[in-house]
Amino acid sequence: MSEPNPRADLRTVSNQTPPLAGHNVVTSDVALTEAITRHGSLDLVEDLAPLGAQAGSAEAQEHGMLANEHHPELTPYDRYGHRIDEVVFHPSWHWLMERGIGHGLAATPWESQEAHPHLRRAAGFFAWSQTEPGHGCPISMTYAAVPALRADDAIAKEWTPLLASTSYDPGVRDHTEKRGALAGMGMTEKQGGSDVRANVTRARPTSDDGFYTLHGHKWFTSAPMNDLFLVLAQTTGGVTCFAVPRVLPDGSRNQLDVVRLKDKLGNRSNASSEMEFDGTVAQRLGDEGRGVRTIIEMVAATRLDCVLGSASLMRRALAEASWHVTHRSAFGGRLVDKPLMQNVIADLAVESEAATALALRLAAAVDAPDDAHEVALRRIALPLAKFWVCKRTPFMVAEALECLGGNGYVEESRMPMIFRESPLNSIWEGSGNVNALDVLRALTREPEVLAAWITEVGLAGGADPRLDRAIKETLELLGDGEAVEASARRLAGQMAACLQGSLLVRFAPTEVADAFCASRLGTTYNGTFGTLPGGDLAAIVERTTPVL
């Protein structure tokens with residue numbers, strides 16, 4: 001009879017959650033697939049299934065961790081002293097970019113003849129971002145650049161086919177020699193931030209019609225290795241938008257000096273830079289003095305991706321939390337069967353589903369550019385969702401991380417990466433105040449947007465008295481003068497929650513809609529997760545837990 005081996009017993013592992021890998025990020029997400037089918041078709045779900053399988057693979061997760069761990073590095077000069085301003089990325093970054101672009105997540109929808117191209121792209125972006133969110137930035141900017149480029153038909157025709165390509169072709173070369181291109185933007189400056197009308201970068205006209213040279217700086221220009229940048233600068237006519245190529249037609253490099261890369265809290269895989277312009281060649285995009293109006297189309301598209309990105313972070317955090325508590329035991333039973341933990345997971349699930357439903361609803365609106373209601377709804381709902389969903393994300397992700405306990409606080413769990421990323425989308429493309437004030441601006445100047453909001457939430461009228469009451473109270477907040485501006489955040493939050501409530505009441509299972517209305521639209525909710533007043537919480541948890 002062999003003797004016991006204490007050392008072997010010491011190294012025996014039990015009651016540890018298996019890794020969440022090998023699941024299909026699309027088809028195992030019931031809320032996502034229902035939204036895709038609702039606004040598109042079941043065929044779209046099947047079309048996105050390969051993307052979902054790859055996004056949930058152990059290989060993709062490994063590349064995501066490596067890209068996040070190995071940060072981009074700036075090489076300002078070559079070995080001979082020539083200024084090159086190149087950024088070197090880890091191979092995992094390129095692996096993720098190649099597949100994200102290959103799945104049509106950049107500007108492909110603008111050239112697509114398929115049905116619901118923007119909905120398909122939005123759902124794909126939502127799913128693929130769960131691999132690693134940082135590389136989504138250049139993909140998002142490339143998608144968003146096309147509607148702004150349409151301010152000049154010739155520029156749009158030159159660049160759109162490359163931006164819409166499904167070929168990832170990195171490297172600093174003339175874009176006419178490339179199979180695909182990426183776009184970025186430079187709006188903010190160190191003295192003004194979101195107040196772009198305070199920009200001091202100057203644009204001087206050249207002898208070539210429509211061409212200028214830029215002189216100044218940009219405080220945040222992400223992905224400086226991209227092929228084309230949309231930049232704001234001052235002309236005699238005011239703030240104007242310009243298209244700035246990385247490489248000039250003669251093959252020489254444009255004067256884009258990368259001063260440094262930002263050392264950011266999150267979004268670590270992505271290179272965010274400060275740039276200086278001194279004689280940088282640029283082509284005017286739209287009329288002088290109309291720069292903000294020109295680039296606002298790009299801002300609208302990137303705001304949608306901020307909502308999608310935040311909803312994606314929520315979903316990934318929820319998947320990790322629900323998976324953990326389903327496989328982890330404590331205090332005599334599985335964590336998922338403990339009433340309080342069940343309440344927490346169900347509450348997180350309700351938050352995630354509400355964000356997913358609203359994000360995909362907005363994406364569907366992009367597919368209807370000729371529908372007056374859809375256009376007006378998109379105008380008001382984008383800043384509402386950007387304000388609300390992005391601001392809810394850090395709290396939600398923190399609670400999901402806590403479900404894993406100490407295991408969630410170590411880098412190997414991926415939860416710290418998700419948590420560091422969680423505040424980002426609330427800052428980029430306008431912080432909370434900027435979006436809340438944009439809501440007020442739209443309500444004041446564009447009366448059709450309030451009518452669109454009332455129509456949309458009214459589709460669920462009479463189905464839940466709590467939603468009806470919340471809509472009534474929200475409308476009572478509308479007024480004029482300083483009182484409205486002071487309560488702009490409250491108004492934006494309530495309008496967004498009513499939109500979410502309307503979608504869930506109309507389309508989600510009864511237990512999900514009831515939990516949302518009882519908490520988010522209830523009279524005693526204080527924002528603490530895990531305080532749902534009751535209902536079929538087990539069904540909500542089962543609906544949201546990934547299945548391998």
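Determine the per residue accessible area of the chain with all protein chains present and a 1.4 angstrom probe, expressed in square angstrom. Let's see the in-between values first.
On the way: 22580 Å² over 548 residues.
Per residue, the chain has an accessible area of 41 Å².
Just for segment 118-244, what percent of DSSP beta bridges are antiparallel, to the closest 5? The partial results should precede the final answer.
Values: 11 of 16 bridges.
Beta bridges within segment 118-244, antiparallel portion: roughly 70 percent.
In debye, nearest 20, what is the charge dipole magnitude of segment 89-215 about its Cα centre with +1 on Lys and Arg Cβ and -1 on Asp and Glu Cβ, if you could check?
Values: 12 positive and 14 negative charges, 53 e Å.
Around 260 debye, computed over segment 89-215.
So what are segment 416-548's ellipsoid semi-axes, whole angstrom, largest first, if each one is the square root of 5 times an eigenvalue of the alpha-carbon gyration tensor? Mind showing how you got there, number by number?
Details: eigenvalues 153, 88, 38 Å².
So the equivalent ellipsoid measures 28, 21, 14 Å along its semi-axes.
May I have the convex hull volume per residue, in Å³, for the Cα set of segment 171-232?
Working: hull volume 6.3 nm³, N = 62.
Looking at segment 171-232, the number lands at 102 Å³ per residue.
Rounded, prolate or oblate: pick one for segment 51-108, where a ≥ b ≥ c are the square roots of the eigenvalues of its C-alpha gyration tensor, a/c under 1.5 means rounded, and failing that, prolate if a/b is larger than b/c, else oblate. Walk me through the numbers before you get to the answer.
On the way: a/c = 4.53, a/b = 1.96, b/c = 2.31.
Cα axes put segment 51-108 in the oblate bin.
Between Asp195 and Ile296, what is the label-point separation in nm under the 7 Å Cα-to-beta-carbon projection?
For Ile296 paired with Asp195, the spin-label model returns 1.9 nm.
Within segment 195-238, find all residues whose amide N lies under 19 Å from a label point positioned 7 Å from the Cα of Arg253 along Cα-to-beta-carbon.
214-218, 221-230
Just read off the accessible area of Ile345 with the full protein assembly in place, 1.4 Å probe, to the nearest 10 Å².
That residue has around 0 Å² of solvent-accessible surface.
Structure shown: which of Lys218/Lys386; Lys178/Lys386; Lys178/Lys218; Lys157/Lys264; Lys178/Lys391; Lys157/Lys391 lie over 31 Å apart, alpha-carbon to alpha-carbon? Could the numbers behind the result be given before it?
On the way: Lys218/Lys386 24 Å; Lys178/Lys386 34 Å; Lys178/Lys218 27 Å; Lys157/Lys264 35 Å; Lys178/Lys391 39 Å; Lys157/Lys391 37 Å.
Exceeds cut-off: Lys178/Lys386; Lys157/Lys264; Lys178/Lys391; Lys157/Lys391.
With all protein chains present, calculate the accessible area of Glu69 using a 1.4 Å probe and round the result to the nearest 10 Å².
Rounded to the nearest 10, that gives 120 Å².
With n ≥ 4 as the cut-off for DSSP H runs, can you work out [θ] at 222 nm for the chain, using -39500 (n - 2.57) per run divided by the number of residues, rounded to the nearest 500?
Values: 20 runs with 280 residues, N = 548.
Only helices count here, giving -16500 deg cm²/dmol.
Per-residue HN-Hα couplings for segment 299-313, Karplus 6.51 cos²θ - 1.76 cosθ + 1.60 at θ = phi - 60°, whole Hz, x for Gly and Pro?
4, 4, 5, 6, 5, 4, 5, 4, 5, 4, x, 5, 4, 5, 4
What is the log10 of I(q)/I(0) for segment 94-137, computed with the Debye formula using one identical point scatterer on each Cα and no solvent, at q = 0.23, 0.26, 0.28, 0.29 Å⁻¹?
-0.74, -0.90, -1.00, -1.06
Using heavy-atom solvent-accessible surface (probe 1.4 Å) with all chains present, what is the largest-first order of Ser422, Ser167? Show your work: numbers first, answer last.
Working: Ser422 0, Ser167 40 Å².
Listed by decreasing accessible area, they come as Ser167, Ser422.
Among Gln283, Leu230, Val299, whose Cα projects farthest towards the positive end of the dipole of segment 176-302, with charges put on the beta-carbon of Lys, Arg (+1) and Asp, Glu (-1)?
Checked the options; the winner is Val299.
Can you give me the % of accessible surface on the chain that is carbon or sulfur? Probe 1.4 Å, all protein chains present, nothing else counted. Could the numbers behind the result be given before it?
On the way: 11770 of 22580 Å².
It is 52 percent, rounded to a whole number.
At a threshold of 8 angstrom on Cα-Cα distance, excluding pairs fewer than six apart, so keeping six or more, what relative contact order does segment 137-271 reach in percent?
Values: 214 pairs, mean separation 29.0, N = 135.
Dividing the mean separation by the residue count of segment 137-271 yields 21 percent.
With a sphere of radius 9 Å drawn around the Cβ of Thr75, what net charge do the other residues whose Cβ falls strictly inside it have (Lys, Arg +1; Asp, Glu -1)? Walk me through the numbers on the way to the answer.
On the way: positive: none; negative: Glu73, Asp78, Asp85, Glu86.
Local net charge: -4.
With the Cα gyration tensor of segment 440-497 giving a ≥ b ≥ c as the square roots of its eigenvalues, does the rule (a/c under 1.5 for rounded; else a/b larger than b/c for prolate; else oblate) give rounded, prolate or oblate?
Details: a/c = 2.57, a/b = 1.51, b/c = 1.71.
Judged from the Cα gyration tensor, segment 440-497 comes out oblate (a/c at least 1.5, b/c at or above a/b).
Given the convex hull over the Cα atoms of the chain, what projected area results after averaging over all orientations, in nm²? Before the final figure, lay out each step's value.
Working: hull surface 117.0 nm².
One quarter of the hull surface, i.e. the mean projection, equals 29.2 nm².
Relative to the present Cα-Cα distance, how much length would full extension add between Asn15 and Asp370 at 0.36 nm per residue of separation? Walk me through the numbers on the way to the answer.
Working: separation 355, 0.36 × 355 = 127.80 nm, distance 5.55 nm.
Extra length available between Asn15 and Asp370 comes to 122.2 nm.
Pull out a ≥ b ≥ c, the square roots of the eigenvalues of the alpha-carbon gyration tensor of segment 117-182, then state rounded if a/c is under 1.5, prolate if not and a/b is larger than b/c, and oblate in the remaining case.
Oblate shape, in that a/c is at least 1.5 and b/c is the bigger or equal ratio.
Would you mind calculating the relative contact order of the chain from Cα pairs under 8 angstrom and at least 6 residues apart, reporting the percent as a whole number? Mind showing how you got there, number by number?
Details: 1007 pairs, mean separation 76.3, N = 548.
Value for the chain: 14 percent.
By how many nm would the segment from Val484 to Asp337 grow when fully extended, if each residue of separation counts as 0.36 nm and the alpha-carbon distance is taken off? Don't skip to the answer; put the middle values down first.
Details: separation 147, 0.36 × 147 = 52.92 nm, distance 4.53 nm.
My answer for the length gained is 48.4 nm.
Dividing the alpha-carbon radius of gyration of segment 284-394 by 2.2 N^0.38 Å (N being the number of residues), what value is obtained? Mind dumping the intermediate values first?
On the way: Rg = 19.2 Å, N = 111, 2.2 N^0.38 = 13.2 Å.
Compactness ratio reported: 1.46.
If you take every DSSP beta bridge whose two residues both sit in the chain, what share of them, in percent to the nearest 5, is antiparallel? Please list the in-between numbers first.
Working: 37 of 42 bridges.
Taking every DSSP beta bridge with both residues in the chain, the antiparallel ones total about 90 percent.
Which is farthest toward the positive dipole end of segment 66-183 among His94, Gly81, Leu149, measuring Cα position about the Cα centre, with Cβ charges +1 (Lys, Arg) and -1 (Asp, Glu)?
Leu149
Helix 339-366 versus the longest principal axis of the chain: what is the Cα-based angle in degrees, 0 to 90, to the nearest 10?
For helix 339-366, the angle is close to 30 degrees.
Between Val434 and Asp208, 0.36 nm times their residue separation minus their Cα-Cα distance comes to what?
On the way: separation 226, 0.36 × 226 = 81.36 nm, distance 3.72 nm.
Here the segment from Val434 to Asp208 would lengthen by 77.6 nm.
The values are calculated or read from the model by the stated rules, or taken from the named source; none is laboratory data. Just so it is clear, the model here is predicted, and its values are computed rather than measured. As a convention, Cβ positions derive from the backbone with ideal geometry for all residues, glycine included, and neighbour counts pool all protein chains shown. Surface areas here come from the heavy atoms of the whole protein model, side chains and all, with no ligands, DNA or RNA. Shrake-Rupley method; radii C 1.70, N 1.55, O 1.52, S 1.80 Å.
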